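One structure is given here, and the rest of the page talks about it.
The values are calculated or read from the model by the stated rules, or taken from the named source; none is laboratory data. No experiment lies behind these values; they were computed from the predicted model shown. FYI the Cβ positions are ideal-geometry reconstructions off the backbone, even for glycines, and counts take in every protein chain you see. Note: accessible area is taken over every heavy atom of the protein model, side chains too, but ligands, DNA and RNA are not part of it. Shrake-Rupley method; radii C 1.70, N 1.55, O 1.52, S 1.80 Å.
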Amino acid sequence: MSENGIILKGIGGFYYVDTAAGLVECKARGKFRIQGGKPVIGDRVTIQLNDDGTGYILSMEPRKTELLRPAVANIDQLLIVCTAAPPKTEPFLIDKITSIASRKNMDTVIVINKVDLDRGDHLAAIYTKAGFPVYRVSAETGEGIEELRGCLRGRISAFAGNSGVGKSSLLNRLYPQFHAQVGTISEKIERGRHTTRHVELMKLPEGGYLADTPGFSAFQAEKMDLVLAADLQDTFREFEPYLGRCRFTGCAHVKEKGCAVRAAVEAGEIPKERHESYCRLYESVKDIKEWSLNK
């Protein structure tokens, strides 16, 4: 008997698949691993049920989206949790993730946490102007939690953000039944201690799934998660009205004369912080060739 489902967790070669028959512990057979690649969290799979209630993975559906670090597939939307309270989130970190999410065809939502300590007006202004949905929340007081819960309904979502911004505390406030481990902030270095050790999809009561990804202080993407220089402009959504209007073909939008994007920044139509992030990202990838990523 076969069942369709989604992988919620993988530990030591075992995969836990959510199916209509319940949660099934599965293994991927050697032939499948060789031919189909290693399954990851979020993969939609067909499994064969054994008489003892366990199963094995027969096949995997093509992935709609995929991240390499953390290894997770089929994410509909990435929720970037940030804060203007310690440890303050640098806009460049947010922009690096939004760029990758755009290239991976994932929706992006900005979640400003700890608004009981700092409302995050500057961050809210940047990303509202850039066209992103922005939620201001407090895991401590519960402000904005119901609105954020509505954003998660019926979708496969993942949290991301620098360590210490309160992703686990936010998860506890959203869904206390999940009992996420909560870390403490080191007052000395104002950086969160990593408390989430692996990615796991959690089935939401109102429909959908949520992944809590390991914390990071710098988004350490694998090479295949990089956005190449030629594609970078397309991952900054507010650039779109100005693309093709620059004086010179192939404008990099960094320091060229007659650049329509730079003119929009100077006119206040594009947040200068977003353009600064674009320039930093461009400098970091401008010499990377597509062929080198497959080495």
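One table, with the values for the structure above:
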{"quantity": "Where labels lie 7 Å past Cα in the beta-carbon direction, separation of Leu243 and Glu146 in nm", "calculated": "4.0 nm"}
{"quantity": "With DNA, RNA and ligands ignored, accessible area of Glu66 (1.4 Å probe; Å², nearest 10)", "calculated": "70 Å²"}
{"quantity": "Å² of accessible area per residue within the range 67-164, as computed with a 1.4 Å probe and no ligands counted", "calculated": "36 Å²"}
{"quantity": "Accessible-area order (highest first, 1.4 angstrom probe) of the listed residues Cys151, Cys26", "calculated": "Cys151, Cys26"}
{"quantity": "Rounded, prolate or oblate (a/c below 1.5 giving rounded, otherwise prolate when a/b exceeds b/c) for the range 46-144 by Cα gyration tensor", "calculated": "prolate"}
{"quantity": "Distance in nm between pseudo-label sites at Ala71 and Asp118 (7 Å out along the Cβ direction from Cα)", "calculated": "3.6 nm"}
{"quantity": "Spatially proximal aspartates and glutamates relative to Lys286 (Cα-Cα < 16 Å; intrachain offsets below 8 disregarded)", "calculated": "Asp225, Asp231, Asp234, Glu256, Glu276"}
{"quantity": "Rounded to 5, the percent of DSSP beta bridges in the range 59-190 classed as antiparallel", "calculated": "10 percent"}
{"quantity": "Heavy-atom accessible area order for Lys272, Lys114, largest first, 1.4 Å probe", "calculated": "Lys272, Lys114"}
